[in-house]
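Q: Would you mind keeping the following structure in view while I ask a few things?
Laboratory data are not the source of any read-out in this text; all were calculated from the coordinates shown. Note that this is a predicted model, so its numbers are computed, not measured. Don't worry about glycine lacking a Cβ; one is built from the backbone with ideal geometry, like all the others, and counts go over all protein chains shown.
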Amino acid sequence: MYQFTIKPLFGTEEWELGSTGVNIAFTNSALWMMITTIVVIAFVQMGTKQQMIPGRWQVAVESLTSFIDNLVQSSIGAQGRKYIPYVFTLFIFILFGNLLGLLPLGVLGVHPFTFTSHFTVTGVLAVISFSIVLLVGFWKHGFKFFTLFVPHGTPIFMAPLIAVVEFISFMVRPFSLALRLFVAMMAGHILLEVLASFVVSGGLAGLGFGAIVSLPSMLLMIVICALELLVAGIQAYVFALLTALYINDAENLH
Amino acid sequence: MPQISQLAETFSSQIVWLLVFFAITYFIVGRGMVPRVMDTMDRRSKQIADDISAAHAAREQADKEEEAWRARENENRARAQALISEAKAEAAAKSEKKIAAAQKRLDKKLEEADERIAASRNDALEEIETVATDATQDIVARLAGIKVAKPAAKSAVKESLANG
């Protein structure tokens, strides 16, 4: 669990907002958010050369943007174009956060911190997405937005029940959004940690145990590392996709 | 689980710094760079579409020109064919005429030659008569010692020549 520990780097004591007692110390989590921001900016910057015949970095960035573009267009439609900056930022921020947290920098003595494995972080992102849905929904449709809870073709006598169920499922969205990412990232990291501890303790217990326990664990770790890279991408994709789908509800209301 | 055990002391820092860095990423990347990237892609796909349509137009134009060229070519060929056949006919007519003229000339020459031959033969015949008359007078004078008058000899020769 050590890898999930938040350690203040500086500003522990005096970094408080006014006299509210709200501490905003710059922690290792904040550091990795900063690194993610810098890496994302540096990466996307290479795609903005605006060449007609793109270089390889430009192709990489362009394929990512067109990927998000397709995602948004297919789930929201033509008027979804204005949400592309947000969905793209969400996607690439989570993706790079996940991937940077997987870097094997522990070998060098630097411990990467996966801020997406904290539900405070994923919760904030989910709340932002959910707020956008609410704002857009009420902005565009006013109180008609509540008809979202009564799907088309609902028999009138079923409407109250359906509305309650729909309302609950609607309100669960930010939690499911936040918990999904947090749990997926944390589970993967814990799994790798457990397997790594098997490798180490198996090796320490002698040659026989090393062969029986450490070697298979090591092989499994390699496979799961590949799986984690996949999960890092998929979770970022799922978060962006669900956000786009929820925005679609608000934008198009059925 | 540090996520829960550290929650009270760290949630404010987590939220604030996440908002700060997410906002930075949103405004610099999402708002600043992504539209430019997509603009580049739009311009590229537009240019590709333009190029393709231009190529289509060019091909259509080329097809049309080829069609026109083919039609013109066919026309030219037909005209050339007509010219050739006309020239052939003309030449044939001319040579026929020439041949006919030559034939006529040859015929005339042949006729003249025939006439000349006939004349020569008559002359020769007359010569023979004269010679034969002289010879007859001579032979009769020598054998019978009679002097035959020339007209009598001549008629006798004529008679015997006609019989002979």
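Q: Tell me which of these residue A:72 doesn't satisfy, since it passes every other one: (1) crowded, with 17+ Cβ neighbours inside 10 Å; (2) at the interface with chain B (Cβ under 10 Å from one of its Cβ atoms); (3) among the β-branched types (Val, Ile, Thr).
A: (2)
Q: Only one of A:170, A:182 is assigned to a helix (DSSP H, G or I), more than 11 Å from chain B (Cβ to nearest Cβ) and at negative phi; which?
A: After applying the criteria, what remains is A:170.
Q: Here are B:78, B:101: which of them is assigned to a helix (DSSP H, G or I), more than 16 Å from the chain's Cα centre (by Cα) and surrounded by 10 or more Cβ atoms within 10 Å (Cβ to Cβ)?
A: Details: B:78 fails: more than 16 Å from the chain's Cα centre (by Cα).
After ruling out the rest, the residue left standing is B:101.
Q: Tell me yes or no: at least one residue of the stretch A:141-156 is outside any helix (DSSP H, G or I), among the hydrophobic types (A, V, I, L, M, F, W, C) and more than 30 Å from residue A:102 (Cβ to Cβ).
A: yes
Q: If you don't mind, another one. Can you tell me which residue is farthest from the other protein chains (Cβ to nearest Cβ) among those in the stretch A:40-60 that are under 14 Å from residue B:42 (Cα atoms) and among the aliphatic types (A, V, I, L, M)?
A: The extreme case among them is A:59.
Q: Give the residue, chosen from A:217, A:131, A:176, that is more than 14 Å from every other protein chain (Cβ to nearest Cβ), part of a helix (DSSP H, G or I) and closer than 21 Å to residue A:241 by Cα.
A: The match here is A:176.
Q: Another question, if that's okay. Just wondering, is there one or more residues in the stretch A:76-88 that are among the small types (Gly, Ala, Ser), in a helix (DSSP H, G or I), in contact with a helix residue (DSSP H, G or I) (Cβ under 9 Å, 6 or more places away or on another chain) and at the interface with another protein chain (Cβ under 9 Å from one of its Cβ atoms)?
A: No: zero hits.
Q: Also, quick follow-up: If you scan the stretch B:23-34, which residues turn out to be facing chain A (nearest Cβ under 7 Å) and over 16 Å from residue A:59 (Cβ atoms)?
A: Of everything in the stretch B:23-34, those that are facing chain A (nearest Cβ under 7 Å) and over 16 Å from residue A:59 (Cβ atoms) turn out to be B:24, B:25, B:26, B:28, B:29, B:30, B:31.
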